[in-house]
Amino acid sequence: MKKLFFTFVILASIYGNAQEKTEENLLKNELHFNALLPIALKTFEISYERNLNESSSLGVSALIADEDYYFTKYALTPYYRKYFSNGYAKGFFIEGFAMLNGGENQYGYDYEDSHYTDVAFGIGLGGKFITKDHFVATVNLGVGRNMGNEMHEEFVLKGGISLGYRF
């Protein structure tokens, strides 16, 4: 009887761990909306993030802005995040990003084509918080440098307060 009981306990714990791992594997995708930017800067940003494992993720964000309030008209920003807290892809993180950005010449130079497109590279940090029902809140801030010509801003900012869902 003892052998049967211990066999049951071992199988139940293995099954319980397998269920936990399966749930983590199923919940690797996140969709976020930056809630701060529309309020502060008439700017819209949406992001998709894929959790690679418990301590890293890859993502991409798309931004459309009103240049009267923001430094660029559009940006596409892939990023990599490394998490340092316990838990599955949550808590404190640092990120590296590349940003394809573009807009209109802001400095009044007499160029035939006043539109610019540039690439920036940068680094940021932040925190991600997740509820039991998979609601996600992220706070982050990053800075990067444009690598191209001087018709526009030399530095770029990436950040905000994003709300989303992990699925």
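No value in this document is a laboratory result; all are computed from the given coordinates. What you see is a predicted model, and the numbers here were worked out from it, not measured in a lab. Cβ coordinates were reconstructed from backbone atoms using ideal geometry, including for glycine residues, and neighbour counts include every protein chain displayed.
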*Where residues in the range 85-105 are among the aliphatic types (A, V, I, L, M) and surrounded by 18 or more Cβ atoms within 10 Å (Cβ to Cβ), which of them is farthest from ILE46 (Cα to Cα)?*
ALA89
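Among the listed residues SER61, SER57, which satisfies the condition of being in a strand (DSSP E or B), within 12 Å of the chain's Cα centre (by Cα) and closer than 28 Å to TYR116 by Cβ? Working first, answer last.
Values: SER57 fails: closer than 28 Å to TYR116 by Cβ.
Being in a strand (DSSP E or B), within 12 Å of the chain's Cα centre (by Cα) and closer than 28 Å to TYR116 by Cβ holds for just one of SER61, SER57, which is SER61.
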_Enumeration of residues in the range 56-84 that are loosely packed, with under 14 Cβ neighbours inside 10 Å and in contact (Cβ under 8 Å) with a residue 40 or more places away in the chain_ = none
